[in-house]
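J.: First the structure, then my questions, so here it is.
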Amino acid sequence: MNTMKNRVQLIGHVGNDPEVKTFEGGKVANLNIATNDSYTNKKGEKVEQTEWHRIVAWGPTAEIIEKLVNKGKEIAIEGKLSTRSYDDKEGNKRYITEVIVSDIMLIGK
């Protein structure tokens, strides 16, 4: 059961060209993906709902993203949730939840 703790799988479309930075220890890629869901409301109308997810990939996975992923591409990712905080310009504490990628699959054309 340990392998099921903090595990995320998403399939979605990339919302922006990945931002890739190079450090001494390798590369990091940051991007956003959109996942879509739909349901029928009480009036019988179909409602589409889009969720945006922050994605972070390190090392060889970041290199793959840099070479093969761009805005609009459909991808599947697997990883874990990570939350971090920072203080904004006004001194307010802000929180960011990201998916740290362990595996990626390119789906679309």
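J.: Would you confirm whether or not region 52-69 contains a residue that is exposed (fewer than 11 other Cβ atoms within 10 Å of the Cβ), over 19 Å from E19 (Cα atoms) and out of contact with any strand residue (DSSP E or B) (no Cβ under 7 Å at 6 or more places or on another chain)?
T.: The answer is no; no qualifying residue exists.
J.: If a residue has to be under 15 Å from I104 (Cβ atoms), without any contact (Cβ under 8 Å) to a residue 60 or more places away in the chain and not in a strand (DSSP E or B) to count, how many in region 3-25 make the cut?
T.: The qualifying residues number 1.
J.: Return the residues of region 26-37 that are without any contact (Cβ under 8 Å) to a residue 24 or more places away in the chain and either loosely packed, with under 11 Cβ neighbours inside 10 Å or under 21 Å from R84 (Cβ atoms) (or both); say none if nothing qualifies. Please lay out each step first, then the result.
T.: Step one: filter region 26-37 for residues without any contact (Cβ under 8 Å) to a residue 24 or more places away in the chain, giving 32, 34, 37.
Passing the criteria: N32, D37.
J.: Let me ask something else. List the pairs whose first member sits in region 38-49 and is of a type in the set (A, V, I, L, M), whose second member is part of a strand (DSSP E or B) and loosely packed, with under 10 Cβ neighbours inside 10 Å, and whose Cβ atoms are under 9 Å apart, counting only residues at least 6 apart or on separate chains?
T.: Taking only residues 6 or more apart or on different chains, the pairs are V47/S38; V47/Y39; V47/T40.
J.: Please go through region 67-109 and give me each residue that is touching a Lys or Arg at 6+ places or on another chain (Cβ under 6 Å) and closer than 18 Å to V8 by Cβ, ordered by number.
T.: The answer is I96, E98, I100.
J.: Return yes or no: is I100 surrounded by 11 or more Cβ atoms within 10 Å (Cβ to Cβ) and out of contact with any Asp or Glu (no Cβ under 7 Å at 6 or more places or on another chain)? Step through it out loud before you land on a result.
T.: On the way: surrounded by 11 or more Cβ atoms within 10 Å (Cβ to Cβ): yes; out of contact with any Asp or Glu (no Cβ under 7 Å at 6 or more places or on another chain): yes.
So I100 fits the description; yes.
J.: On to the next question. Quick one: Y86 ticks every box in (1) of a type outside the set (S, T, N, Q); (2) assigned to a strand (DSSP E or B); (3) at pLDDT 95 or above; (4) surrounded by fewer than 14 Cβ atoms within 10 Å (Cβ to Cβ) bar one, so which box is it?
T.: (3)
The values are calculated or read from the model by the stated rules, or taken from the named source; none is laboratory data. Please read these numbers as outputs of a predicted model, since none were measured by experiment. So basically every Cβ, Gly included, is an ideal-geometry build from the backbone, and we count neighbours across all protein chains shown.
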